[in-house]
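Structure provided below as structure tokens; questions to follow.
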Amino acid sequence: MATQKSNGTRVPATENSLTPARLLSTPLADLLAEVDAEVTEAPSEYGDAFEGVFIKPYIGPIQIVLPKARNAAHRDVMARVLVGRLLGTDLAPLPSSLESRSFGGVR
């Protein structure tokens, strides 16, 4: 999905800034549509410590992979945190125990 800038050019939603307030208040379905993402369930072999990950393929929607065993509220928060990380939103102050890592891609 693309959005309109004030000068009339269209840019991918992932290039827009996303404030923490909007990240937390926008309905999750709308937020996912804006960044062309979908939530999928993690395989059970990911283990109990797994909280979630986003996978940004070259083609197709971004996959937000979340564990099935978590409740709906937990999955909602983790999906929002992952969208925020994807867009570079300042999510401070998140707990230091919530670690974020990037693998692969261009550095």
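The values are calculated or read from the model by the stated rules, or taken from the named source; none is laboratory data. For clarity, every value in this text was computed on a predicted model and none was experimentally measured. Neighbour counts are summed over all protein chains in view; Cβ atoms, including those assigned to glycine, are modelled from backbone coordinates with ideal geometry.
Does segment 38-55 hold any residues that are in contact (Cβ under 8 Å) with a residue 24 or more places away in the chain and among the β-branched types (Val, Ile, Thr), and which are they?
Val39, Thr40, Val53, listed by residue number.
Moving to a separate point now. Counting only residues that are more than 12 Å from Val83 (Cβ to Cβ) and part of a loop (DSSP other than H, G, I, E, B), which one in segment 17-35 is modelled with the highest pLDDT?
By that ranking, first place goes to Pro27.
Another question about this same structure. What strands (runs of 3 or more DSSP E) completely inside segment 36-105 contain at least 1 residues that are loosely packed, with under 13 Cβ neighbours inside 10 Å and either modelled with pLDDT of 90 or more or not β-branched (Val, Ile, Thr) (or both)? Give the steps one after another, and end with the answer.
On the way: elements: 37-41, 53-55, 62-66.
Answer list for segment 36-105: 37-41.
Just checking, how many residues over segment 18-37 are free of Cβ contacts under 8 Å to residues at least 40 places away in the same chain and under 17 Å from Ala73 (Cα atoms)?
Residues flagged as free of Cβ contacts under 8 Å to residues at least 40 places away in the same chain and under 17 Å from Ala73 (Cα atoms) within segment 18-37 amount to 5.
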